[in-house]
Amino acid sequence: IETVAKIQRESFSKIETWSPQSYVTELANKQAAYRVAVLDEQVIGFGGIWTVMDEVHITILGVAPAYRGNRVGDLLLSELLIVSWEMGATRATLEVRETNDAAQKLYARYGFVHVAIRKAYYSDNGENADILWVNDMLDPAWRERFEQNRTALGR
């Protein structure tokens, strides 16, 4: 948890960070799931979801600065989506900073589309959040896109 908290502090504004106790609490939440990316026994990224009925909300995804650009985020996102299916989700949503180009590109690769804006969502600087959705993860075209991304990851 301490390593995840460190990556979170390096990846997000102080306002957005969770306390270590928040992670302990979340790990007991049956509607939530969390994954870490590990390289050489070192945690280099993490992500989490909340699933409610048929919807998954990607709550957090972060990669240690030294490992960005190496598709760690791709791997985490794809694993979280697989877990969400196992939990019954058929749709996915998230909020992302409108200026976070790397994250925007990642989510677009997985078929997330922009549907709305949350004005002044981020309290550290008043930045807007883009609300992104995949409305049907059962759609064969979306599944094919997902599988192509997994294949590109060597999965």
Item to check | Which listed residue, of L77, L61, is within 23 Å of A129 (Cα to Cα) and assigned to a helix (DSSP H, G or I) | outcome: L77
Item to check | Subset of the range 102-129 (residues that are open to solvent by 20 Å² or more (accessible area, probe 1.4 Å), closer than 20 Å to L77 by Cβ and part of a strand (DSSP E or B)) | outcome: V113, H114, V115
Checklist entry - Since T51 meets every condition but one in (1) in a helix (DSSP H, G or I); (2) under 15 Å from the mean Cα position of the chain (by Cα); (3) farther than 18 Å from L106 by Cα; (4) of a type outside the set (A, V, I, L, M, F, W, C), which condition does it not meet? => result (1)
Checklist entry - Which is crowded, with 17+ Cβ neighbours inside 10 Å, part of a strand (DSSP E or B) and in contact (Cβ under 8 Å) with a residue 24 or more places away in the chain, of V43, V56? => result V56
Checklist entry - Just a yes or no: is a residue in the range 18-33 more than 25 Å from A120 (Cβ to Cβ), open to solvent by 10 Å² or more (accessible area, probe 1.4 Å), touching a Lys or Arg at 6+ places or on another chain (Cβ under 9 Å) and not in a strand (DSSP E or B)? => result no
Next on the checklist: Take the residues in the range 139-153 that are open to solvent by less than 90 Å² (accessible area, probe 1.4 Å) and not aromatic (F, W, Y); name whichever of them is nearest to E79 (Cα to Cα).
Outcome noted: R150
Checklist outcome for this item: Subset of the range 87-101, residues assigned to a strand (DSSP E or B) and among the hydroxyl-bearing types (S, T, Y), comes to T93
Next on the checklist: Against the definition (over 23 Å from A92 (Cβ atoms) and polar (S, T, N, Q)), how does S11 come out, yes or no?
Outcome noted: no
Checklist entry - Can you name the residue in the range 66-81 that is open to solvent by 40 Å² or more (accessible area, probe 1.4 Å) and either among the aliphatic types (A, V, I, L, M) or closer than 19 Å to S11 by Cα (or both) and, of all such residues, is farthest from the chain's Cα centre (by Cα)? => result A66
Item to check | Per-region count, the range 122-155, residues within 19 Å of V56 (Cβ to Cβ), in contact (Cβ under 8 Å) with a residue 24 or more places away in the chain and not basic (K, R) | outcome: 13
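The values are calculated or read from the model by the stated rules, or taken from the named source; none is laboratory data. Predicted model, so just to flag it, every value in this text is computed and none were measured. Every residue, glycine among them, receives a Cβ derived from its backbone with ideal geometry; neighbour counts consider all protein chains shown. Ligands, DNA and RNA are stripped out before the accessible areas are found, and what is left, the full protein with its side chains, is counted by its heavy atoms. Shrake-Rupley method; radii C 1.70, N 1.55, O 1.52, S 1.80 Å.
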